[in-house]
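Student: So that we are looking at the same thing, I have put the structure below in structure tokens.
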Amino acid sequence: MARIGTGYDIHRVAPGGPLILGGVRIDCPFHLLGHSDADAVLHALTDAILGALAAGDIGELFPDTDPKYAGADSAAFLAAAMALAVKANYRVENCDVTIVAERPKLSAYKRAMQERIAALLGVSPTAVGVKAKTNEGLGALGAGEAIAVLAAVLLTRA
Ligand code: MG
């Protein structure tokens, strides 16, 4: 009666803020490049829910070739995945997110992300793990050229 899903996303960094991550606006001299608002946290979580449902992936549901999704608020993608879960009679038991970002320092924003994600998933913030780490200076992530996110979610029968 439980289903697990994982998600991964990565977006390139580009000059000019703000950075949108975990549904939170972060004042920062750069942003993530993408067709939508490029919120890699919400994208990875959306894919984790779709994965748990065996319902495809975010690229299938919201193609980045569709002008409809240009500049889209990624909260809408997560809400759509949640709606599929609810329709299939599942709810989120808990989720866990790891953000790999050399910069900015995210510790001051983790709580806000946790609360925003909880609200989007209809769960308590205690069911939402948000962790941030660097890539120890290694590779493109370590050079701050991109931000990557890993997510896991557990769905249970509602
Ligand atoms: Mg993405």
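Student: Out of segment 2-19, which residues are surrounded by fewer than 16 Cβ atoms within 10 Å (Cβ to Cβ) and either among the charged types (D, E, K, R) or not in a strand (DSSP E or B) (or both)?
Tutor: Answer for segment 2-19, where residues must be surrounded by fewer than 16 Cβ atoms within 10 Å (Cβ to Cβ) and either among the charged types (D, E, K, R) or not in a strand (DSSP E or B) (or both): Arg12, Gly16, Gly17, Pro18.
Student: Still on this structure, please answer the following. Scan segment 137-150 and report the pairs whose first residue is in contact (Cβ under 8 Å) with a residue 12 or more places away in the chain and whose second residue is among the aromatic types (Phe, Trp, Tyr), with Cβ atoms within less than 6 Å and a gap of 6+ or a chain change.
Tutor: Leu150/Tyr8
Student: When you look at Gly22, is it on the phi > 0 side of the Ramachandran plot, away from the ligand (no atom under 16 Å from the Cβ) and open to solvent by less than 40 Å² (accessible area, probe 1.4 Å), yes or no?
Tutor: no
Student: Say we look at segment 82-99 and pick out the residues that are of a type in the set (A, V, I, L, M, F, W, C) and under 12 Å from the mean Cα position of the chain (by Cα); which of these is nearest to His31 (Cα to Cα)?
Tutor: Among those that are of a type in the set (A, V, I, L, M, F, W, C) and under 12 Å from the mean Cα position of the chain (by Cα), it is Ile99.
Student: Follow-up. Determine, yes or no, whether Asn94 is in contact (Cβ under 8 Å) with a residue 40 or more places away in the chain, of a type in the set (S, T, N, Q) and out of contact with any Ser or Thr (no Cβ under 8 Å at 6 or more places or on another chain).
Tutor: On the way: in contact (Cβ under 8 Å) with a residue 40 or more places away in the chain: yes; of a type in the set (S, T, N, Q): yes; out of contact with any Ser or Thr (no Cβ under 8 Å at 6 or more places or on another chain): yes.
When the stated conditions are applied, Asn94 passes them.
Student: Report whether or not Ala118 is free of Cβ contacts under 8 Å to residues at least 24 places away in the same chain and closer than 29 Å to Asp27 by Cβ. Lay out the reasoning, then the answer.
Tutor: Numbers: free of Cβ contacts under 8 Å to residues at least 24 places away in the same chain: yes; closer than 29 Å to Asp27 by Cβ: yes.
So Ala118 passes the test.
Student: Could you list all residues from segment 113-150 that are out of contact with any Lys or Arg (no Cβ under 9 Å at 6 or more places or on another chain), under 24 Å from Ala75 (Cβ atoms), open to solvent by less than 50 Å² (accessible area, probe 1.4 Å) and in a helix (DSSP H, G or I)?
Tutor: Within segment 113-150, Met113, Gln114, Ile117, Ala118, Leu120, Ala127 qualify.
Student: Ok, one more. Can you say whether Lys105 is open to solvent by 50 Å² or more (accessible area, probe 1.4 Å), modelled with pLDDT of 95 or more and closer than 25 Å to Leu33 by Cα, as far as the supplied structure shows?
Tutor: Considered against the rule, which asks whether it is open to solvent by 50 Å² or more (accessible area, probe 1.4 Å), modelled with pLDDT of 95 or more and closer than 25 Å to Leu33 by Cα, Lys105 comes out as yes.
The values are calculated or read from the model by the stated rules, or taken from the named source; none is laboratory data. Remember, it's a predicted structure, so these values are computed and weren't measured experimentally. For neighbour counting, all protein chains shown are included, and Cβ atoms are generated from backbone atoms with ideal geometry for every residue, glycine included. Only protein heavy atoms, including side chains, enter the accessible area calculation; ligands, DNA and RNA are left aside. Shrake-Rupley method; radii C 1.70, N 1.55, O 1.52, S 1.80 Å.
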